[in-house]
1. Identify the residue in the range 223-242 that is open to solvent by 20 Å² or more (accessible area, probe 1.4 Å) and of a type in the set (A, V, I, L, M) and, among all such residues, is farthest from the ligand (Cβ to nearest atom).
2. Report yes if Tyr284 is over 21 Å from the mean Cα position of the chain (by Cα), modelled with pLDDT of 95 or more, open to solvent by less than 10 Å² (accessible area, probe 1.4 Å) and at negative phi, otherwise no.
3. Since Ala20 meets every condition but one in (1) under 15 Å from Leu230 (Cα atoms); (2) crowded, with 24+ Cβ neighbours inside 10 Å, which condition does it not meet?
4. If I filter the range 204-218 for residues that are open to solvent by less than 80 Å² (accessible area, probe 1.4 Å), in contact (Cβ under 8 Å) with a residue 40 or more places away in the chain and within 30 Å of Leu157 (Cβ to Cβ), do I get at least one hit?
5. With the condition kept exactly as written, say whether any residue in the range 243-252 is farther than 19 Å from Trp3 by Cβ, within 10 Å of the ligand (Cβ to nearest atom) and of a type outside the set (A, V, I, L, M).
6. Step by step: first the residues of the range 148-167, then only those that are under 23 Å from the mean Cα position of the chain (by Cα) and under 23 Å from Val39 (Cα atoms), then the one that is surrounded by the fewest Cβ atoms within 10 Å (Cβ to Cβ). Which residue is that?
7. Please verify whether Ala195 is among the small types (Gly, Ala, Ser) and open to solvent by less than 10 Å² (accessible area, probe 1.4 Å), treating the condition exactly as stated.
8. Being near the ligand (Cβ under 9 Å from one of its atoms) and touching a residue at least 60 places away in the same chain (Cβ under 8 Å) is the filter; apply it to the range 22-43 and report the residue that is farthest from Asp95 (Cα to Cα).
Amino acid sequence: MTWYIREIPIANRVVAAPLAGISEPVFRALSLSMGAGLVFAEMVSDKAICHQNPKTLTMTKVGKNEHPIAMQLFGSDPQSMREAAIFLDSQTDCDIIDINMGCPMPKVTKTKAGSALMKDVDKAVEIVKAVVEAVKKPVSVKMRAGWDSQSINAVPLAKAFQSAGVSMITIHGRTRAQLYGGKADWSIIRDVVQAVTIPVIGNGDVVDLKTYQGMLKETGCAAVMVGRGLLGNPWLIKSLVQEKDFSPTVTERFDLMKQHIDAQVRAKGEKAAIREMRGHVAWYLKGLPLSNPVKVKVNEAVTQRQMQQILSDYQQQLQNYLSQKPAESGF
Ligand SMILES: Cc1cc2nc3c(=O)[nH]c(=O)nc-3n(C[C@H](O)[C@H](O)[C@H](O)COP(=O)(O)O)c2cc1C
């Protein structure tokens, strides 16, 4: 079911969330190859773009196989948000420019950016207007339910952003005070869907087909954004898009890990890639029989060869184990 963010067609209702340190080009391309309708890049600082920080500029590069993609800015100064948005609009291949109003981390909120903007409605609207007026690409906002349970204000903010020209809104149904704990409140997503005419993406606690279908049904959202559920389980996207439960075979799981490692090494060089892949591999192995000592070894791997050897040995061990215990092969 194709839906639109202004004129950008989105082929289905599954969106890969921005995840700092994770939603890099390889992860985004992997999410799209699994069928995601839209991917987000991790947040980048407006000031860092304005100062032409080389690392940040690299983070704004978009590969040919990474569309459609929303690139996300965080900041609290309308002037530098505008300047950074103009850069994303004119100097990068992103399709959508997203403004972060959800990040709960103190290093972001103490600069009055991220979810802190939900406490300063005038500033939030000022930033949105400054960005919308300055760029040609569609602008979106990702926010939470509110700052805390006493100040749930996603509905009035969404209405104000729509009037200011925003083309899509993502709602994570938690407050800033909840950080990533507790439960996301999907009723606030439904309230926003009912209050605006632009598409709303629902987000929070979607981890399988049941929760995906539940969020669509309970909120009426245009699409569902999945974050932590994708860690070590990019197949979840395929399952949600096809609305069919799907678990990879052992061979599929290890083949994909190998592809992921290879791609990351090509993208980042061996040293950085292997360091980063330790976390991904631990997620891929989560819950598998006999995997705990393997995770410890993977954590000590320095070269691609070492990491691959540990995984090949474990794959063999796992296959032997499962062939003797077929009843336990249900993962
Ligand atoms: C490690 C991590 C990094 C995140 N980075 C970002 C980010 O850069 N920008 C953003 O808007 N949200 C970020 N988030 C929030 C997620 O996009 C998402 O809103 C949140 O995890 C709730 O969705 P989930 O329950 O499907 O994980 C991050 C979350 C995690 C766990």
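The values are calculated or read from the model by the stated rules, or taken from the named source; none is laboratory data. Because the structure is predicted, anything quoted here is derived from the model rather than measured. As a convention, Cβ positions derive from the backbone with ideal geometry for all residues, glycine included, and neighbour counts pool all protein chains shown. The accessibility values were calculated without ligands, DNA or RNA, using every heavy atom of the protein model including side chains. Shrake-Rupley method; radii C 1.70, N 1.55, O 1.52, S 1.80 Å.
1. Residue satisfying both the conditions and the ranking: Val241.
2. For Tyr284, the condition - over 21 Å from the mean Cα position of the chain (by Cα), modelled with pLDDT of 95 or more, open to solvent by less than 10 Å² (accessible area, probe 1.4 Å) and at negative phi - is not met.
3. Among (1) under 15 Å from Leu230 (Cα atoms); (2) crowded, with 24+ Cβ neighbours inside 10 Å, the lone unmet condition for Ala20 is (2).
4. Yes: one or more hits.
5. No, the range 243-252 has no match at all.
6. Gln162
7. no
8. For the range 22-43, the residue satisfying everything is Ile22.
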